[in-house]
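Novice: Dropping a structure here in structure tokens format, bear with me for questions.
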2 protein chains.
Amino acid sequence: MLDAAFSALSDPTRRAIVERLARGPRRVTELAEPFEISLAAVSKHIQVLERAGLVKRKREGREHVLSLDARPMREVARYASKFEKFWTERLDRFEAFVVAVEKEKEKK
Amino acid sequence: MLDAAFSALSDPTRRAIVERLARGPRRVTELAEPFEISLAAVSKHIQVLERAGLVKRKREGREHVLSLDARPMREVARYASKFEKFWTERLDRFEAFVVAVEKEKEKK
């Protein structure tokens, strides 16, 4: 699941599609509108996102309606936050430094 | 930055390398040890991680020492957490459901 999710999210157009769907479900044509690439190219990106489980497709009459499925995104968030200590520790050191500087000022 | 980070993390061997470096800096040969692929293949993966900014290389005499740079990972975590409401909302609904069930029990 992570392989496909990370791979799908490595493309800026696909991330833009995901962000657009975060505002609500869209028909394929609606979704493609703001992108300056062909409908065929958008469709290919959508297929990659569907295979990664990030986009769901529902048929409504003749139209296909796409919506976001955030579950793979949650896995991505979980994976990346496992490394959180690397940036919070650095922040802790920075905060300790700021406190030390402030204390030094108080002495003067 | 996100393009390269997502792309680098889409491979399970590269994620394993990153996880191994999270425990501390390693020489290339040490790092390659647990992987059942050639040193050349590991080196290629390391190069991809370096280009994505996830791995830093330092020369110590004849050896190259690799360490993790978690900054791109922080960007990945930030990006994915923008979608957090999609899983917390679902959780809120589930919690509301549990509370409703408990209330129903109390009535009996």
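Novice: Measuring from label point to label point, each 7 Å out along Cα→Cβ, what is the B:Val99 to A:His64 span in nm?
Specialist: Distance between the two pseudo-spin positions: 4.0 nm.
Novice: Tell me, A:Thr88, B:Thr13 in order of fewest to most beta-carbon neighbours within 10 Å?
Specialist: A:Thr88, B:Thr13
Novice: Please go through the range B:30-67 and write out the trypsin sites (Lys or Arg not before Pro) that DSSP classes as loop and that have at most 13 other C-beta atoms within 10 Å.
Specialist: B:Arg62
Novice: Tilt of helix B:71-81 relative to the longest C-alpha principal axis of chain B, in degrees (0 to 90, nearest 10)?
Specialist: It is inclined by approximately 20 degrees.
Novice: Turning to a different aspect of this structure: The range A:7-50 to the range B:1-27: how many Å between their Cα centroids?
Specialist: Computed from Cα coordinates, the inter-centre distance equals 27 Å.
Novice: Which value, in debye to the nearest 20, describes the size of the charge dipole of chain B about its Cα centre when Lys and Arg Cβ atoms bear +1, Asp and Glu Cβ atoms bear -1, and nothing else is charged?
Specialist: The dipole magnitude comes to about 220 debye.
Novice: If you don't mind, there's one more thing I want to ask. Over all alpha-carbon pairs in the protein assembly as shown, figure out the percentage whose distance exceeds 25 Å.
Specialist: 55
Novice: Another question, if that's okay. Show me the GluC sites (Glu not before Pro) within chain B that DSSP assigns to loop and that have at most 15 other Cβ atoms within 10 Å of their Cβ.
Specialist: Qualifying residues, ordered by number: B:Glu36, B:Glu84.
Coordinate-derived values only; no laboratory data. These figures come from a predicted structure and were not determined experimentally. For neighbour counting, all protein chains shown are included, and Cβ atoms are generated from backbone atoms with ideal geometry for every residue, glycine included.
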